[in-house]
1. Contour minus end-to-end for N132 and F392, with contour as 0.36 nm per residue of separation and end-to-end as the Cα-Cα distance?
2. In nanometres, what is the gap between the two model label sites at A92 and M146, each 7 Å from Cα along Cα-to-Cβ?
3. How large is ³J(HN,Hα), in whole Hz, for each residue of segment 273-285 in order, when computed from phi with the Karplus curve 6.51 cos²θ - 1.76 cosθ + 1.60 and θ = phi - 60°, using x for Gly and Pro?
4. Taking only protein heavy atoms and a 1.4 Å probe, what accessible area per residue, in Å², does segment 67-222 have with all protein chains in place?
5. Just to confirm the number: angle between the C-alpha axis of helix 91-102 and the first principal axis of the chain, 0 to 90 degrees, nearest 10?
6. Expected output is a single nm value to one decimal: the length gained when fully extending between E344 and E420, i.e. 0.36 nm times separation in residues minus the C-alpha distance. What is it?
7. With the crude spin-label approximation of a point 7 Å out along Cα→Cβ, what separation in nm comes out for K41 versus N226?
8. Tilt of helix 311-321 relative to the longest C-alpha principal axis of the chain, in degrees (0 to 90, nearest 10)?
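The values are calculated or read from the model by the stated rules, or taken from the named source; none is laboratory data. Note that the structure is predicted; figures quoted are calculated from it, not measured. Here the Cβ positions follow ideal geometry from the backbone for every residue, glycine too, while neighbour counts run over all protein chains shown. All accessible areas refer to the heavy atoms of the entire protein, side chains included, with ligands and DNA or RNA removed. Shrake-Rupley method; radii C 1.70, N 1.55, O 1.52, S 1.80 Å.
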Amino acid sequence: MKKVVKFGGSSLASAAQFKKVGEIIHADADRKFVVPSAPGKRNSKDTKVTDMLYATYAYAEAGNDFSKALAQIKNRYQEIIDGLCLNLSLDAEFEEIAKQFKNKAGSDYAASRGEYLNGIIMANYLGYEFINPAEVIFFDENGEFMADKTDEILSQRLKNVERAVIPGFFGAKEDGTVKTFSRGGSDITGSIVARAVKADIYENWTDVSGCLIADPRIVDNPKPINTVTYRELRELSYMGASVLHEDAIFPVRKAGIPINIKNTNAPKDPGTWIVESTCQKPPYTITGIAGKKGFCAINIEKDMMNGEIGFGRKVLQVFEENGISFEHMPSGIDTMTIIVHQSEFMEKEQRVLAGIHKLAEPDSIEMESDLALIAVVGRGMKAAKGTASRIFATLAHSNINVKMIDQGSSELNIIIGVKEADFETAIRQIYSIFVDTALEKSKK
């Protein structure tokens, strides 16, 4: 068996955490390819190394002396090296970083050094081969990830490698310029490596024992998710569930590789399995609940809209021309609602409204701001009758007005729009009606 293991920043924040990671890797000979993140916070008042790098580069870019800030970063790594009793010097690497900062190499280069340096330490600690992602993970000139080229070259590079460390979060454009994924992108690197080596399992190690049905900051002690499908997790990740980067699903999904979310601080916990499909019946009707704030709705009305060919295209054309993507588009016979991110829309709202009037000639347009979207996701919803009615009944009982409803024909999820002020209460009520109620029934 062949496993790719990715460790998050909290798992590698100190020498003590490194030792835990080393024990986990050595406990299973199948853990052959390791993807490390940059060191995270050692405590609640600490700063992530990636944030330190961004701040230090900002000094450099402004023409200020950044030597002290860079020295603090070097000290973070030296503490880990000393704590692991390694005979390793990063002097040459930090000299190169200082040179590149002076030459304004870019914030992507700066941020990538966190994973790069941690990868060097990890490879030295484990005795594994170090592979620079800038040589095997590629982006085009526009910064778009080149999946096929990366898979071809990375597969070839790792073909005869028994064990290796490949830092997460970055690669390079074809001209050699370092390019990063979005924050949390080490998850994506792990997925890319898993696909390239045709791994049997991709283990993603973090500081929680898998995914939870709801955000623990909103719901007290939410139940864990034992098994979730790629599609379910994609929906939950997109709507704010933060255990795994949403784009990390695609490479392994294409290859049919299961992901196991595990806890570095509790390695014996089973964690959450993320799979393509499963016959396992979920313990509850829903698999998870997630949501985001910061949306607004543009409600467009026009008599006989349904009979006007091209009406929807004209409306969406206005949003496209203004560089605004839409999230959802529920509609009726004479109404059409476009849900967008409020922060993207506010600066351009009058241009958009004028454009819609000009192209589509609606009877009226109304807007509603400060909305939150909640996704109720679950493969079990398809077989359960009355799921939507239970959601709306519990929200009505809590005096929460539902502003929008959107459900795809797959019946995998239901999207609900509520006022931001009702967001947390709505999630707690939905959790209660499906999870707490089921638990109470099982006890009887």
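1. Here the answer is 88.4 nm.
2. 2.8 nm
3. Values, residue by residue: 9, 10, 10, 5, 7, 7, 8, 5, 6, x, x, 10, 4 Hz.
4. 44 Å²
5. It works out to around 50 degrees.
6. Additional length available on full extension: 25.6 nm.
7. Result: 3.3 nm between the two label points.
8. So the inclination is approximately 30 degrees.
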